[in-house]
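The structure appears below as structure tokens.
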Amino acid sequence: MSFEKPEFAAHLGCIASHWGDALAENRYDAAVVPAGAPAMYYQDDQAPPFHPNPHFARFFPDDSCAGSVLLVRPGANPKLYFSQPGGYWHLSPSLPDWADAFDVETHDDDEALLRSLVQDLARHSRVALVGPDETFSANLPLAAVNPERLVNQLVFARATKTPFEVARMREATAIGVRGHLAARDAFRSGGSEFDIHMAYLAASGQEESKLPYPNIIALNEHAGILHYQHYDREPPARGHSFLIDAGGRSGGYHADITRTYSANPGDDFDALVTALDEKQQALVGEIRPGLSYVDLHTRMHHETADLLVRFGLIRCSAESAFDRKITDAFFPHGLGHLLGLQTHDVGGKLANADGDEVESPERFPSLRYTREIDLGHVFTVEPGLYFIPMLLETLHDSEAGTDVNWAKVDALRPCGGIRIEDNVVVTSDGADNLTRPAFAQIDQPGA
Ligand code: GLY
Ligand code: MN
Ligand code: MN
């Protein structure tokens with residue numbers, strides 16, 4: 001991964017200074033931050049794709065870091081102990097050119113790396129470890145392992161992205177959008193879920209193990225399985241719909257994008273997709289620093305009720321549909337979540353850096369982002385409207401079931417559902433949508 005060095009240096013300066021303040025405030029004079037190492041499968045010498053400790057990745061935005069460690073100290077440049085194992089079984093990782101922003105030591109074996117770290121720590125009296133603790137607490141003089149207060153402060157701050165991070169997320173978005181457009185074309189050409197998945201990987205230039213999350217490529221009723229994880233090799237006999245939730249990664253930062261298409265332009269499902277898309281964009285237009293995401297989520301339930309009435313899916317009023325939780329059967333997930341080095345970035349429920357939490361409302365327990373929207377936060381806005389047999393059955397058998405126009409609902413069941421998901425960064429007076437401009441720009445002849 002290559003970046004502009006000054007852009008990275010500014011990012012590093014910003015987070016190193018914040019870490020320095022947090023360490024000093026918690027009376028630690030150093031933090032050891034391991035990248036972590038691949039966790040092998042049981043009784044095996046193979047491991048799932050390696051995901052570095054996100055606290056490490058924020059300093060070192062590249063995946064080639066297994067076994068490396070950072071030493072962060074207030075007022076000092078972070079020191080990187082870069083693990084560069086030799087041998088002829090694997091390609092040895094090379095140090096990116098931007099890494100010269102750190103004080104760097106490279107080591108070709110773990111024990112030498114640990115010895116050097118132990119030597120350096122002799123100069124410190126209170127050291128905290130932040131990250132996975134594999135061999136460290138047994139070998140290092142640590143005052144604390146993942147102390148709650150310090151970790152909460154770091155996690156709370158991570159929601160606010162630096163310009164460098166936003167730039168990575170724009171790149172991740174462009175990568176994802178290239179895949180989305182090829183996937184849409186593969187769908188329109190009659191491809192199977194597997195064909196569409198492969199078209200996505202090729203066009204976005206991503207290998208499967210490096211995706212931010214497994215692609216959701218759902219034709220027809222599969223769109224009603226929220227995290228559908230299978231890829232049928234045969235196209236369905238009759239096409240109704242296509243939902244794709246697939247992202248991109250750049251410098252470890254994620255994009256998380258969903259689009260839904262009708263197989264039959266101009267049909268009722270197509271109109272419903274367009275209507276939900278309009279609601280989603282209106283919602284993005286409401287975003288401001290200081291707004292409660294819980295309120296935005298609640299507002300989307302009212303909008304969902306409005307759609308159900310407008311499309312003749314229910315016979316009661318929108319208010320009544322909201323009050324009687326009819327909307328919960330059609331929109332059963334949270335409106336969105338923080339996004340960054342993780343697809344569901346941590347810290348969405350922290351009320352403050354002290355670790356107090358804003359609980360999800362009782363009615364919406366799956367909402368992952370309950371804290372106040374703030375300048376620089378990056379998050380998703382992903383309303384959905386689904387026809388999920390299990391939830392519809394419960395609705396059918398409830399008191400509210402008589403207010404549902406089942407003939408209309410049943411006609412839409414083969415389409416599975418709709419989700420529209422964009423990623424936004426909060427500005428001083430609104431939100432910058434990272435996703436829409438990328439579609440507009442890349443979906444051009446010759447782009
Ligand atoms: N792609 C998973 C999600 O949207 O949360
Ligand atoms: Mn999402
Ligand atoms: Mn998604």
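The values are calculated or read from the model by the stated rules, or taken from the named source; none is laboratory data. Nothing here was measured: the structure is a model prediction, and the numbers come from that model. Glycine gets a Cβ as well: all are built from the backbone with ideal geometry, and neighbour counts include every protein chain shown. Quick note on the areas: whole protein, heavy atoms, side chains included, nothing else; ligands and nucleic acids left out. Shrake-Rupley method; radii C 1.70, N 1.55, O 1.52, S 1.80 Å.
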FRET efficiency (residue 111, residue 209; Cβ distance; R0 30 Å; to 0.05) is 0.55
Among the GluC sites (Glu not before Pro) within segment 356-447, which fall in a DSSP loop and have no more than 10 other Cβ atoms within 10 Å of their own Cβ? 362
Taking a ≥ b ≥ c as the square roots of the eigenvalues of the Cα gyration tensor, with a/c under 1.5 meaning rounded and otherwise prolate when a/b exceeds b/c and oblate if not, segment 295-447 is oblate
What is the Cα coordinate range of the chain on the first, second and third principal axes, sorted by size from largest, in whole angstrom? 73, 46, 45
Packing-based ranking, highest mean first, of 373-386, 222-235 given that Cβ atoms within 10 Å are counted: 373-386, 222-235
How much of the accessible area of segment 83-141, in percent, comes from carbon and sulfur atoms when a 1.4 Å probe is used? 51 percent
At most 16 other Cβ atoms within 10 Å and a DSSP loop assignment: could you name the trypsin sites (Lys or Arg not before Pro) in segment 53-143 that fit? 123, 126
GNM on the chain, Cα springs under 10 Å; top mean-square fluctuation among 431, 128, 407 goes to 407
The chain, accessible area per residue, ligands and nucleic acids excluded (1.4 Å, Å²): 44 Å²
For segment 268-334, what log10 I(q)/I(0) values come out of the Debye formula at q = 0.12, 0.27 1/Å, with one point per alpha carbon and no solvent? -0.31, -1.26
Candidates 118, 33, 284: whichever shows maximal mean-square fluctuation once the chain is modelled as a Gaussian network with Cα springs under 10 Å: 118
Loop only by DSSP, 11 or fewer other Cβ within 10 Å of the Cβ. Give me the GluC sites (Glu not before Pro) in segment 180-282 that pass, ordered by residue number. 207
Inter-part gap, Cα centre of segment 299-335 to Cα centre of segment 159-213, in whole angstrom, is 31 Å
Which lysines have a Cα lying under 28 Å from the Cα of residue 5, excluding residues fewer than 8 positions away in the same chain? 79, 161, 210
Considering the Cα trace of segment 131-226, what is its radius of gyration and what is Dmax, both in angstroms? 20.1, 61
Given N residues in segment 1-159, what is Rg(Cα) / (2.2 N^0.38 Å)? 1.02
Run the numbers on segment 4-131 and let me know its relative contact order in percent, using alpha-carbon pairs under 8 Å that are six or more apart. 29 percent
Could you calculate the contour length gain from residue 91 to residue 268, that is, 0.36 nm times the residue separation minus the distance between their Cα atoms, to one decimal place in nm? 58.4 nm
What shape does segment 20-77 have by the C-alpha gyration tensor, where a ≥ b ≥ c are the square roots of the eigenvalues, rounded means a/c under 1.5, and otherwise prolate means a/b greater than b/c and oblate the rest? prolate
Could you work out the helix-only [θ] at 222 nm for the chain, with each DSSP H run of four or more residues adding -39,500 (n - 2.57) and the total divided by the number of residues, to the nearest 500 deg cm²/dmol? -11000 deg cm²/dmol
Test item: Cα-centred dipole of segment 90-129, Lys/Arg +1 and Asp/Glu -1 on Cβ, debye: 320 debye
Given the options 116, 64, 51, identify the residue whose Cα lies farthest towards the positive end of the charge dipole of segment 1-126 (+1 on Cβ of Lys, Arg; -1 on Cβ of Asp, Glu). 116
Along its principal axes, what span do the Cα atoms of segment 152-296 show, with the longest given first and each in whole Å? 53, 34, 23
